[in-house]
């Protein structure tokens with residue numbers, strides 16, 4: 001079974017699975033999902049807890065034997081495995097798959113790891129959790145998902161926000177759910193339960209967005225000019241080098257030009273998985289080839305600016321290219 005954090009509580013109301021895999025690149029969602037599973041386990045009598053950190057010298061044979069050994073106090077145990085990356089190797093994959101297929105008595109297995117890419121979901125140990133245990137996907141929220149997440153969290157704490165207040169908070173904390181969580185808690189303390197206006201949010205909430213260039217790429221491919229310019233402003237304020245931003249823009253333009261929907265056609269490698277692939281396919285349909293070539297030429301001129309005495313002008317030029325790309329996509333889409 002595969003679930004997301006938003007449906008985990010309902011899943012935990014049923015029979016408690018013996019094996020759990022929590023995977024994702026959003027620390028807040030990963031941590032809260034793991035906390036919910038631990039709480040349910042304690043309610044079921046799993047009072048013992050062992051935490052194992054997988055490193056280079058980790059002994060998977062000892063791990064398997066440890067699952068079968070009796071607790072010193074004959075108590076039910078939660079065995080928590082911290083896996084830095086979802087690549088346990090051949091021995092680790094076999095040990096985990098076997099542990100899920102034949103759960104040890106009075107042991108609940110919880111594995112916590114980073115985001116599992118689409119291509120890695122076919123691994124036998126991942127399939128074992130999905131088919132015989134439960135896999136919780138705690139990945140970062142897409143920008144369009146953030147407002148509903150913010151609103152649900154606010155309402156759970158007794159806050160009743162205006163739609164504009166939700167949107168402002170989502171924009172201020174994009175890419176940083178921990179900050180969003182902290183700001184909502186602060187609003188609850190400052191404003192108390194009840195209505196929350198956009199003015200209240202503007203006065204209370206700090207700008208806590210954390211951007212990276214791949215978020216800019218998503219905005220460009222999706223034709224979201226407002227978000228693209230907001231991300232550019234954030235990257236400049238955070239001291240990001242314009243060279244890296246230029247690389248991102250040029251990479252997306254080259255990807256659009258090299259995209260081919262025909263079977264066997266030349267396609268670029270995809271970072272970001274299925275979501276980016278869908279965005280790229282849509283952008284390639286909408287953005288005229290002449291426009292993409294022209295903007296790529298403009299990008300080459302920006303490279304000269306960055307390397308010369310007029311480096312300060314680079315951010316403005318990057319903003320113009322980004323806006324023109326998004327407008328071209330919107331015009332063709334509409």
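The values are calculated or read from the model by the stated rules, or taken from the named source; none is laboratory data. Every value quoted in this text rests on a predicted model; they were computed, and no experiment measured them. Neighbour counts run over all protein chains shown; Cβ positions are idealised from the backbone, glycine included.
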Taking the criterion of being at pLDDT 95 or above, outside any helix (DSSP H, G or I) and surrounded by 15 or more Cβ atoms within 10 Å (Cβ to Cβ), would at least one residue in region 22-45 satisfy it? yes
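Based on this model, can you work out whether residue 106 counts as touching a residue at least 12 places away in the same chain (Cβ under 8 Å), outside the structural domain of residue 178 (by TED's automatic domain parsing), surrounded by fewer than 19 Cβ atoms within 10 Å (Cβ to Cβ) and on the phi > 0 side of the Ramachandran plot?
On the way: touching a residue at least 12 places away in the same chain (Cβ under 8 Å): yes; outside the structural domain of residue 178 (by TED's automatic domain parsing): yes; surrounded by fewer than 19 Cβ atoms within 10 Å (Cβ to Cβ): yes; on the phi > 0 side of the Ramachandran plot: yes.
Yes: the conditions hold for residue 106.
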Residues of region 151-196 being in a loop (DSSP other than H, G, I, E, B), surrounded by 13 or more Cβ atoms within 10 Å (Cβ to Cβ) and in contact with a strand residue (DSSP E or B) (Cβ under 8 Å, 6 or more places away or on another chain), in sequence order, are 162
Would you be able to tell me the number of residues in region 197-221 that are assigned to a loop (DSSP other than H, G, I, E, B), within 19 Å of residue 164 (Cβ to Cβ) and modelled with pLDDT under 80? 5
If only one of 252, 218, 238 is surrounded by fewer than 16 Cβ atoms within 10 Å (Cβ to Cβ), within 21 Å of the chain's Cα centre (by Cα) and in the same structural domain as residue 277 (by TED's automatic domain parsing), which one is it? 238
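Return yes when residue 179 is out of contact with any helix residue (DSSP H, G or I) (no Cβ under 8 Å at 6 or more places or on another chain) and within 22 Å of residue 232 (Cα to Cα) and no when it is not. Spell out how you get there, then give the answer.
Details: out of contact with any helix residue (DSSP H, G or I) (no Cβ under 8 Å at 6 or more places or on another chain): yes; within 22 Å of residue 232 (Cα to Cα): yes.
Yes; evaluated as a whole, the condition is true for this residue.
Looking at region 46-55, which of the residues that are part of a loop (DSSP other than H, G, I, E, B) and surrounded by 13 or more Cβ atoms within 10 Å (Cβ to Cβ) is modelled with the lowest pLDDT? Before you say what the answer is, go through the steps one by one.
Our first condition is that a residue be part of a loop (DSSP other than H, G, I, E, B); within region 46-55, this holds for 46-47, 54-55.
Keeping just the survivors that are surrounded by 13 or more Cβ atoms within 10 Å (Cβ to Cβ) gives 46-47, 54.
Numbers: 46: 93, 47: 90, 54: 93.
Across region 46-55, the extreme among qualifying residues is 47.
Kindly establish whether residue 81 is in the same structural domain as residue 193 (by TED's automatic domain parsing), free of Cβ contacts under 8 Å to residues at least 60 places away in the same chain and outside any helix (DSSP H, G or I). Break it down into steps so the answer makes sense when it comes.
Values: in the same structural domain as residue 193 (by TED's automatic domain parsing): no; free of Cβ contacts under 8 Å to residues at least 60 places away in the same chain: yes; outside any helix (DSSP H, G or I): yes.
Considered against the rule, which asks whether it is in the same structural domain as residue 193 (by TED's automatic domain parsing), free of Cβ contacts under 8 Å to residues at least 60 places away in the same chain and outside any helix (DSSP H, G or I), residue 81 comes out as no.
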Test for residue 146: is it under 17 Å from residue 27 (Cα atoms), in contact with a helix residue (DSSP H, G or I) (Cβ under 8 Å, 6 or more places away or on another chain) and surrounded by 15 or more Cβ atoms within 10 Å (Cβ to Cβ): yes
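Per-residue answers, yes or no, for (1) in a helix (DSSP H, G or I); (2) under 25 Å from residue 205 (Cα atoms); (3) touching a strand residue (DSSP E or B) at 6+ places or on another chain (Cβ under 6 Å):
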| residue | (1), (2), (3) |
| --- | --- |
| 119 | yes, no, no |
| 130 | yes, no, yes |
| 139 | no, yes, no |
| 149 | yes, yes, no |
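Would you confirm whether or not region 183-190 contains a residue that is assigned by TED's automatic domain parsing to the domain that holds residue 90, closer than 30 Å to residue 318 by Cβ and at pLDDT 85 or above? Show your work before the answer.
Start the filter on region 183-190 by keeping residues that are assigned by TED's automatic domain parsing to the domain that holds residue 90, which leaves none.
Checking region 183-190: not a single residue is assigned by TED's automatic domain parsing to the domain that holds residue 90, closer than 30 Å to residue 318 by Cβ and at pLDDT 85 or above.
Taking region 4-21 only, how many residues are surrounded by 17 or more Cβ atoms within 10 Å (Cβ to Cβ) and within 20 Å of residue 177 (Cβ to Cβ)?
From region 4-21, those surrounded by 17 or more Cβ atoms within 10 Å (Cβ to Cβ) are 5, 8, 11-12, 17-21; that's our starting set.
So of that shortlist, the ones also within 20 Å of residue 177 (Cβ to Cβ) come out as 5, 8.
The total comes to 2.
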Can you pull out the residues in region 224-251 that are in contact (Cβ under 8 Å) with a residue 60 or more places away in the chain, within 18 Å of residue 328 (Cα to Cα) and part of a helix (DSSP H, G or I)? 225, 227, 228, 229, 249
